[in-house]
1. Looking at (1) over 11 Å from the mean Cα position of the chain (by Cα); (2) open to solvent by less than 100 Å² (accessible area, probe 1.4 Å); (3) modelled with pLDDT of 80 or more, which one does residue 81 not meet, given that it meets all the others?
2. Kindly evaluate residue 89 against the criterion of being surrounded by 12 or more Cβ atoms within 10 Å (Cβ to Cβ), modelled with pLDDT of 85 or more, under 15 Å from residue 40 (Cα atoms) and within 16 Å of the chain's Cα centre (by Cα).
3. Residues that are in a loop (DSSP other than H, G, I, E, B), of a type in the set (A, V, I, L, M), over 26 Å from residue 74 (Cα atoms) and open to solvent by 100 Å² or more (accessible area, probe 1.4 Å): does the range 1-10 have at least one?
4. Those residues that are of a type in the set (Phe, Trp, Tyr) and either in contact (Cβ under 8 Å) with a residue 40 or more places away in the chain or under 23 Å from residue 28 (Cβ atoms) (or both), I need them from the range 71-100; list them, please.
5. Out of all the residues in the range 49-70, is one or more in contact (Cβ under 8 Å) with a residue 24 or more places away in the chain and surrounded by 13 or more Cβ atoms within 10 Å (Cβ to Cβ)?
6. Assess whether residue 58 counts as being within 22 Å of residue 31 (Cα to Cα) and at pLDDT below 85.
Amino acid sequence: MLAPGMILFCIDISKFLVKTIPAIAKIFSALGQALMIILFLHLAFVYALKNLDLGILSSNLFILFILSTTFSFISYMIIIRFSFTRAIFLGSAKDFEQIFITKNQQFF
């Protein structure tokens, strides 16, 4: 478990990086928007990559972390392209209404 001081230190480092390197801010922003998809898919990709037994790619935890996060982010980029997947996986009310609710139909 991280100590509160360590968490604050990580926050300070993140703020410093965002202020000094604009590209980092874009990366953090994109990762933040994809966070829910990454959260749900990350572990599934870790297990899948470990079961493939790809040598160092499967045994190194850092490489597993980077690959599974990257694959989860790519999945997010695919999901946001289609209104059906946005409605189902991201809970987009606008897309849900557009797909599933006709103009004469209301739930309540």
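1. (2)
2. So residue 89 fails the test.
3. Yes, the range 1-10 has at least one match.
4. Scanning the range 71-100 gives 71, 73, 76, 89.
5. yes
6. Spelling it out, it is not the case that residue 58 is within 22 Å of residue 31 (Cα to Cα) and at pLDDT below 85.
The values are calculated or read from the model by the stated rules, or taken from the named source; none is laboratory data. Bear in mind that the values here come from a model prediction, so they are computed numbers and not experimental data. Neighbour counts run over all protein chains shown; Cβ positions are idealised from the backbone, glycine included. Note: areas computed on protein heavy atoms with side chains; ligands, DNA, RNA excluded. Shrake-Rupley method; radii C 1.70, N 1.55, O 1.52, S 1.80 Å.
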